[in-house]
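Heads up, the thing below is written out as structure tokens.
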Amino acid sequence: MNRRQAISLLSAALVVGGCAESKPEFKAVDITGAEHAKDFQLPDTEGRMRSLKDFHGKAVVLFFGYTQCPDVCPTTLNEIAEAKKLLGADGAKVQGIFVTVDPERDTPEVLRAYVANFGPDFVALRGTPEQTAALAKDFKIFYKKSEGKTSGAYTMDHSAASFVYDPQGRLRLYTRYGTGTQALADDLRLLLKAA
């Protein structure tokens, strides 16, 4: 190979490498292309069936929990609310969704009041016990009633992570509990920018 051919080959490699689309560097676990958690169909607190298509054009952060959760649930929902604030005007392009794993105690009224604490645009979903179990299976999340010391007193053990969808409705990220507000905001910014 002569010098001219080598320079030509190197130039071509640089052009191809420079034009290649770089993959975003998310802070959360990138699960783009996963075969689970592709959609949901559950009623909201007004009884309307909701699915991912209802939020097309927005990045969606979906979290499973229950209103009497002492720490993980309010912390996670607060992180979603704070991440929306960090995004400024783009925060309006993020939809927080809370799915209860305790439909026995989390009535529509209780859920409506609970999610309102995190923002007027948060949506709560509540299925029957059978719908909840089916959705949890599809999302590969765990939840289980843990009986308390007195009759009727119990807690819910459950997975503590959020599922993040891009504005086109594709599952993209699995955000572990405790990742933090800034990390979530950074990831949402990347998803919104790519839309």
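Structure notes:
- Residues in segment 116-142 that are of a type in the set (Val, Ile, Thr) and more than 16 Å from the chain's Cα centre (by Cα): Thr128, Thr132.
- Thr67 being more than 13 Å from the chain's Cα centre (by Cα) and either farther than 17 Å from Leu111 by Cβ or not in a helix (DSSP H, G or I) (or both): yes
- Taking segment 145-162 as the range and being surrounded by 12 or more Cβ atoms within 10 Å (Cβ to Cβ) and part of a loop (DSSP other than H, G, I, E, B) as the test, the residues that pass are Ser159, Ala160.
- Options Lys137, Lys145: the member that is more than 30 Å from Gly33 (Cα to Cα) and among the basic types (Lys, Arg): Lys145
- Candidates Gly88, Gly57, filtered to the one that is farther than 22 Å from Arg176 by Cβ, open to solvent by 10 Å² or more (accessible area, probe 1.4 Å), in contact (Cβ under 8 Å) with a residue 60 or more places away in the chain and of a type in the set (Gly, Ala, Ser): Gly57
- Test: residue in segment 23-44 that is at pLDDT 95 or above, among the polar types (S, T, N, Q) and crowded, with 20+ Cβ neighbours inside 10 Å: no
- Residue that is farthest from Gly91 (Cα to Cα) [pool: residues in segment 174-195 that are open to solvent by 30 Å² or more (accessible area, probe 1.4 Å) and either part of a helix (DSSP H, G or I) or among the charged types (D, E, K, R) (or both)]: Arg176
- Entry remark, segment 60-85: residues being open to solvent by less than 40 Å² (accessible area, probe 1.4 Å) and of a type in the set (Asp, Glu) number 1 in total.
- Residue list for segment 91-114, restricted to those being more than 14 Å from Ala59 (Cα to Cα), surrounded by fewer than 21 Cβ atoms within 10 Å (Cβ to Cβ) and not acidic (Asp, Glu): Pro103, Arg105, Thr107, Pro108, Val110, Arg112, Ala113
- When residues in segment 128-144 are screened for being closer than 11 Å to His158 by Cβ and outside any helix (DSSP H, G or I), 4 of them pass.
- Unmet criterion (only one of (1) farther than 18 Å from Asp71 by Cα; (2) surrounded by fewer than 18 Cβ atoms within 10 Å (Cβ to Cβ); (3) of a type in the set (Ser, Thr, Tyr)) for Tyr165: (2)
- Residue, nearest to the chain's Cα centre (by Cα), within segment 89-115, restricted to residues that are within 17 Å of Arg50 (Cβ to Cβ) and assigned to a helix (DSSP H, G or I): Val115
The values are calculated or read from the model by the stated rules, or taken from the named source; none is laboratory data. If you're wondering where the values come from, they're calculated on a predicted model, not measured in any experiment. FYI the Cβ positions are ideal-geometry reconstructions off the backbone, even for glycines, and counts take in every protein chain you see. All accessible areas refer to the heavy atoms of the entire protein, side chains included, with ligands and DNA or RNA removed. Shrake-Rupley method; radii C 1.70, N 1.55, O 1.52, S 1.80 Å.
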